[in-house]
Amino acid sequence: MIKLDPNTVLDEAGAVVAEAPEGYRYVSTNGDVAAEGKIFSCYYVHNVKDGVDLDSPEPGCIVGKILFRLGVPLDVMARTEVSSSGLLNALASEGVIEKPKPEVYMILAAMQRCQDLGTTWHTAYQVANATLQAFLNATHN
């Protein structure tokens, strides 16, 4: 069973963002790039790229990439294309991950929300980090 610690999730998110080209935005399976301020639906797992079937699935959106790198199998994520909170709940109920702390939900929800509104992955990471820090400051004061 995978344990998703808030610091590990945020560190992995930072690594995913650092590997993406500057200004990177989510790209759909048909090659459309997310546009800022326009609601865009992402997929955790891509089976198609630029309209062509892939030989094997690959992580798609930022949350999918983070969770895959932390050990969540692609086939499990592909069965549960819902909100990041819904995905975490499903993964926990299936015994794939331990029930995460609220901070993990916040980090991934903030990143997915930003991505789906067309912001860059870098900005999504910054928002998630700021959200986590605000929560920690509020709960420790």
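The values are calculated or read from the model by the stated rules, or taken from the named source; none is laboratory data. This structure is a prediction, so every number in the text was calculated from the model and none was measured. All Cβ positions, glycine included, derive from the backbone under ideal geometry; neighbour counts span all protein chains shown.
Considering region 38-63, and only residues there that are modelled with pLDDT of 85 or more and in contact with a strand residue (DSSP E or B) (Cβ under 6 Å, 6 or more places away or on another chain), the residue that is farthest from Met111 (Cα to Cα) turns out to be Pro57. Comparison of Ile66, Ile107, Ile39 shows that the only residue that is touching a Leu at 6+ places or on another chain (Cβ under 8 Å) and exposed (fewer than 15 other Cβ atoms within 10 Å of the Cβ) is Ile39. The single condition among (1) more than 23 Å from Gly37 (Cα to Cα); (2) in contact (Cβ under 8 Å) with a residue 60 or more places away in the chain; (3) of a type in the set (Phe, Trp, Tyr) that Phe135 does not meet is (2). Could you look through region 125-141, keep only residues that are hydroxyl-bearing (Ser, Thr, Tyr) and touching a helix residue (DSSP H, G or I) at 6+ places or on another chain (Cβ under 7 Å), and pick out the one that is surrounded by the fewest Cβ atoms within 10 Å (Cβ to Cβ)? Once the filter is applied, the top-ranked residue is Thr131. Just so you know, in region 38-56 the residues that are in a loop (DSSP other than H, G, I, E, B) and under 24 Å from Leu87 (Cα atoms) include one that is farthest from the chain's Cα centre (by Cα), and it is Lys38.
Scanning region 1-37 for residues that are within 15 Å of Met111 (Cβ to Cβ), at pLDDT 85 or above, small (Gly, Ala, Ser) and in a loop (DSSP other than H, G, I, E, B) yields one hit, Ala20.
What are the residues in region 84-103 that are out of contact with any Leu (no Cβ under 9 Å at 6 or more places or on another chain) and within 26 Å of Thr123 (Cβ to Cβ), if any? Show your work before the answer.
If we filter region 84-103 for residues that are out of contact with any Leu (no Cβ under 9 Å at 6 or more places or on another chain), which is where we start, we get 86, 89-90, 92-96, 102.
Scanning region 84-103 gives Gly86, Pro102.
Within the bounds of region 32-49, is there any residue that is in contact with a His (Cβ under 7 Å, 6 or more places away or on another chain) and within 26 Å of Gln133 (Cβ to Cβ)? Give the steps one after another, and end with the answer.
Start the filter on region 32-49 by keeping residues that are in contact with a His (Cβ under 7 Å, 6 or more places away or on another chain), which leaves none.
No, the conditions are met nowhere in region 32-49.
Anything in region 115-124 that is in a helix (DSSP H, G or I) and either surrounded by fewer than 19 Cβ atoms within 10 Å (Cβ to Cβ) or charged (D, E, K, R) (or both)? List them, or say none.
Within region 115-124, Asp116, His122, Thr123 meet the criteria.
Here is a yes/no grid of residues against (1) modelled with pLDDT of 95 or more; (2) over 23 Å from Asn7 (Cβ atoms); (3) part of a helix (DSSP H, G or I):
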site	(1), (2), (3)
Gly71	yes, no, no
Asp75	no, yes, yes
Thr80	no, yes, no
Leu87	no, no, yes
Ala92	yes, no, yes
Lys99	yes, no, no
Val104	yes, no, yes
Arg113	no, no, yes
